[in-house]
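Each remark here refers to the structure printed beneath this line.
The values are calculated or read from the model by the stated rules, or taken from the named source; none is laboratory data. Computed from a predicted model, the values in this text were never measured in an experiment. Cβ atoms come from the backbone with ideal geometry, glycine included; neighbour counts cover every protein chain shown. Note: accessible area is taken over every heavy atom of the protein model, side chains too, but ligands, DNA and RNA are not part of it. Shrake-Rupley method; radii C 1.70, N 1.55, O 1.52, S 1.80 Å.
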Amino acid sequence: MKKQDFLRILRKFNKGLASGEEKSFLSAYYNLFEAKSDITEMLSPDKRDLLKDQIKAGIDIKIARLQETKRPNLFLRRIAAAAILFVVLGAGISFYLVKTNFFSSHNYAKNIITPGGNKAVLTLANGTQIILSNVKNGALTLQNGTVIKKTANGQLVYDASAAGSNVIAYNTISTPRGGQYMIILPDSSKVYLNAASSLRFPTAFADKIRKVTLIGEAYFEVAHNKNKPFMVTSAGQTVEVLGTHFDINAYADEHSIKTTLLGGSVKVSASGKTALLIPGQQSQVVQNKNLDTLINVLQHANLDEAVAWKNGYFQFENADLQTIMRQFSRWYDVKVIYDGQPGGRLFSGQIHRNLNAVQALDLLNYANVHFTIDGKTIIVSTN
């Protein structure tokens with residue numbers, strides 16, 4: 001886009017004559033370069049200027065191509081719908097999808113892999129399974145005086161206000177690959193389950209300790225109760241709290257078990273070792289070469305990255321390709337195969353989880369990472 005074209009749109013806006021597309025374009029530009037956002041604060045003034053030049057060059061190329069096909073308004077419509085930052089910073093690659101619907105993905109029309117959604121299975125104490133996406137909203141069942149309800153906004157609620165039995169019954173909620181779900185436990189604690197995860201919990205917290213078991217990843221907002229600590233067991237670690245907000249990532253295919261604390265305090269225990277976390281810290285339970293268990297504490301964790309999935313995003317900070325593709329694999333329920341070595345490049349960025357798989361993968365195409373989709377299999381090539 002030439003400078004005079006941009007100024008022309010700006011003058012129309014100032015006079016109240018700009019179209020909806022032109023207003024959205026100016027808004028996207030402002031959000032990218034003028035607003036105080038996490039995206040631009042990472043860049044030095046020189047790199048901001050360089051990025052502007054790079055995007056301007058890309059805009060000029062797109063406009064030239066669109067003029068050849070006599071579709072001059074298509075570009076504004078796409079920019080109005082989405083704005084993307086893509087810049088090479090040293091050995092790393094950063095990309096940010098600010099809004100959705102940027103990619104047409106016309107070359108993959110037959111291979112659309114839709115994103116995940118609110119899907120889960122509830123297993124009752126007697127083994128009965130309820131597929132939550134197949135049942136109507138309202139009361140589902142009654143267990144030991146606890147009413148189990150599904151709400152209109154896709155939540156599962158355990159109402160133990162009338163529970164009078166001391167008999168403890170355990171339920172399990174499980175999300176498939178490509179699923180997520182939110183549950184309100186009998187003590188009013190909220191748990192957000194990521195894809196391919198499960199939570200086992202009692203229908204009423206009758207014991208002195210509120211115990212649950214996690215497989216996979218979940219974000220917890222624990223209701224405060226100083227007389228009943230809340231304990232989460234996951235893959236050999238235990239997290240104990242009174243009332244706080246934290247995320248646990250305990251997928252079996254990740255290199256460590258990560259507990260990220262957003263508020264309050266927690267105690268993380270594993271193999272006889274403990275660590276006390278304060279807000280902003282992240283514990284990482286790992287095994288060294290001698291198979292000894294260690295608890296490393298990251299003092300200044302990226303909190304946005306840790307809970308991005310809960311807020312509808314993939315977010316990465318200096319992540320390798322395998323880390324990114326593991327998240328894609330769980331959310332889109334696909335198998336990932338590598339054609340050659342993935343390489344050691346690191347990526348940073350943010351992508352909406354409501355994009356289909358091809359739209360998300362298109363971002364990495366800009367970094368010379370190529371993909372072939374065969375049904376539910378993604379073949380990754382960096383050659």
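Being under 23 Å from the mean Cα position of the chain (by Cα) and either polar (S, T, N, Q) or open to solvent by 10 Å² or more (accessible area, probe 1.4 Å) (or both) is the filter here; which residues of the range 238-249 pass it?
Our first condition is that a residue be under 23 Å from the mean Cα position of the chain (by Cα); within the range 238-249, this holds for 239, 244-249.
Selection gives Thr244, His245, Asn249.
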Worksheet item: Could you list, in sequence order, the residues of the range 264-279 that are of a type in the set (Gly, Ala, Ser) and either surrounded by 15 or more Cβ atoms within 10 Å (Cβ to Cβ) or at pLDDT 95 or above (or both)?
Response: Gly264, Ser265, Ser269, Ala270, Ala275
Discussion item. Give me the residue from the range 166-220 that is of a type in the set (D, E, K, R) and over 17 Å from the mean Cα position of the chain (by Cα) and, out of that set, farthest from Ala152 (Cα to Cα).
Written reply: Lys208
Worksheet item: Does the range 284-299 contain at least one residue that is within 18 Å of Asn194 (Cβ to Cβ) and either charged (D, E, K, R) or not in a strand (DSSP E or B) (or both)?
Response: no
Item to complete: Select from the range 348-370 the residues that are open to solvent by 10 Å² or more (accessible area, probe 1.4 Å) and over 17 Å from Asp320 (Cα atoms) and list them in ascending order.
Response: His352, Arg353, Asn354, Asn356, Gln359
Fill in: Total residues in the range 280-326, condition under 19 Å from the mean Cα position of the chain (by Cα), without any contact (Cβ under 8 Å) to a residue 24 or more places away in the chain, open to solvent by 20 Å² or more (accessible area, probe 1.4 Å) and at positive phi
0
